[in-house]
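Structure first, then comments.
The values are calculated or read from the model by the stated rules, or taken from the named source; none is laboratory data. Small disclaimer: the values here were computed from a predicted structure and weren't measured. Don't worry about glycine lacking a Cβ; one is built from the backbone with ideal geometry, like all the others, and counts go over all protein chains shown. Areas reflect the complete protein model, heavy atoms only, side chains present, ligands, DNA and RNA absent. Shrake-Rupley method; radii C 1.70, N 1.55, O 1.52, S 1.80 Å.
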Amino acid sequence: PPIANTAAVVTTVSDDYASGVLAVIDLATWKVGDNVSTIPTDNGVVSAKGNVYLLGRYGFDYVRVYQGSNLKEPTTEFSVGDGANPQDVRECGGRVYITRYGETQLSIYDNGTWLLSGVVDLSGYADSDGIPEMADLAEGAGVLYVALQQLDEDNGWVANGGEVVAIDCATATITESWAVEPNPSI
């Protein structure tokens, strides 16, 4: 069953940035549940359509999927590629899209097998370092919006621009793009 709106899934980082923890907070009592799982210090958590996704970011480069309210152990864990640095996850059109900050392609995974089923090439939106720096995702009415931060890693992470790209989830094709302020978030 989906996670009820009575709990929040949070991540924490230790004082020395050596480890993190995935935990649950009861929103009625604000009681923090037992630490569910040890996780890397650079992580993110996304809840979507009954699943909780734990993103092991820079240097870890994996996604763990927890289904329903069982956060004790993931139903699957898979790599998104060395140096990929996953940033966000959205389910759209029956597939799972994952932004990878260090790559030029938006990954598409089958949400039953969790195998890579395709990509959307965003290399045409890269800045001078060759990477578009895919960050946040938002979904609405079968369209996925991707924030491209366009940071120049070679010159101290300077913002060269910013774009938002719209992707049709049924066809996994880019339908529109907009130039926006530098370093956008959705």
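For this structure, a couple of remarks:
- Accessible-area ranking of Tyr58, Tyr66, Tyr145, largest first, probe 1.4 Å: Tyr58, Tyr145, Tyr66
- Prolate/oblate/rounded label for region 59-109 (Cα gyration tensor, a/c 1.5): oblate
- Rounded, prolate or oblate (a/c below 1.5 giving rounded, otherwise prolate when a/b exceeds b/c) for region 86-186 by Cα gyration tensor: prolate
- Taking N as its residue count, the alpha carbon Rg of the chain over 2.2 N^0.38 Å: 1.05
- Net charge of Cβ neighbours under 14 Å - reference Thr173; Lys, Arg +1; Asp, Glu -1: -2
- Put Trp178, Trp30, Trp114 in order of accessible area, highest first, and with a 1.4 Å probe you get Trp30, Trp178, Trp114.
- Label zone (Lys49, point 7 Å along Cα-to-C-beta; backbone nitrogen cut-off 18 Å) within region 114-157: 114-120, 137-146.
- Estimated distance in nm for a label pair at Ala138 and Val32, the labels positioned 7 Å out from Cα along Cα-to-Cβ: 3.1
- Selection from Thr41, Val52, Asn155 lying farthest towards where the dipole of the chain points positive, charges on Cβ: Val52
- Only protein atoms count toward the accessible area here, which uses a 1.4 Å probe; on the chain, the carbon and sulfur part of that area reaches 48 percent.
- Dipole magnitude of the chain, debye to nearest 20 (Cβ charges: Lys/Arg +1, Asp/Glu -1, about Cα centre): 840
- Residues of the chain: accessible area per residue with a 1.4 Å probe, Å²: 49
- Each Lys and Arg Cβ is given +1 and each Asp and Glu Cβ -1; about its Cα centre, region 136-180 then shows a dipole of about 120 debye.
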